[in-house]
């Protein structure tokens, strides 16, 4: 018979990425954590984790089993809340990670509305385009664009993002407008460090190219400004554009080769670890974006 507390311990190991951190959070010896996970694998007859001296990773069976563990823990949490008949009023801290310059108007609306509803929560927002470990760096939630890199994280879609290839009229006057992806490879391109390859919608899936990097940057606002200054062709997201297209400051190019769309997502470590603060923040964020055009 599978012991449910073993499943909870296994889920905590996955969420923290470490036997040591799981033991610290559960206030039990590391040896006990290792023993319970080993017993669980023995009872199931499958290996759930690949262990090395540097890191842990889920096996294919482990990924599937982990999702079931999360569902079990969430159901248990809901049962407790229903039995209590209420939830505690949000208080304490909420730490949020967001990309620099990414739809800050909507983020400000979310934070302001959240603060009005739950004034006892102190909100910290850290804006950075660099990668961060949500658990290790102490974040409750993050706004992220694009596919989820970590299968142990939970992802909620806020809104779709359209991406466009753009250049300034001055650049196109000097270098001409590319009419094909092959011609694009001969142009000056401004490329994000985090997306060095550009993916286009194609009849049979997608077409991926690695554009020539005349300029590489890690800041999306800077990339847009460089395009405005005529430094090259760049990818910009619709949520970063105001009137640059309608006023003619930037011009869309290769519209017959659309870039693959992405989503703006809320990402957080676990349903099981959700605090009331985080649950209410998710509710507010989803409500704000459901009203956005």
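Key figures
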read-out: Hey, residue 208 within 26 Å of residue 157 (Cβ to Cβ) and touching a helix residue (DSSP H, G or I) at 6+ places or on another chain (Cβ under 6 Å) or not; value: no
read-out: Within region 14-50, tally of residues that are exposed (fewer than 15 other Cβ atoms within 10 Å of the Cβ) and at positive phi; value: 2
read-out: Residue identified as within 30 Å of residue 284 (Cα to Cα) and not assigned by TED's automatic domain parsing to the domain that holds residue 13 among 172, 143; value: 143
read-out: Breaking point among (1) part of a helix (DSSP H, G or I); (2) modelled with pLDDT of 90 or more; (3) surrounded by 11 or more Cβ atoms within 10 Å (Cβ to Cβ), for residue 95; value: (1)
read-out: Neighbours by Cβ (under 9 Å, 6+ apart or cross-chain): first from region 105-125, not assigned by TED's automatic domain parsing to the domain that holds residue 139; second modelled with pLDDT of 90 or more and surrounded by 18 or more Cβ atoms within 10 Å (Cβ to Cβ); value: none
read-out: Options 47, 12; residue that is part of a loop (DSSP other than H, G, I, E, B) and within 16 Å of residue 67 (Cα to Cα); value: 47
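The values are calculated or read from the model by the stated rules, or taken from the named source; none is laboratory data. Quick caveat, the model's predicted, so the values are computed rather than measured. All Cβ positions, even for glycine, are placed from backbone atoms using ideal geometry, and neighbour counts span all protein chains on display.
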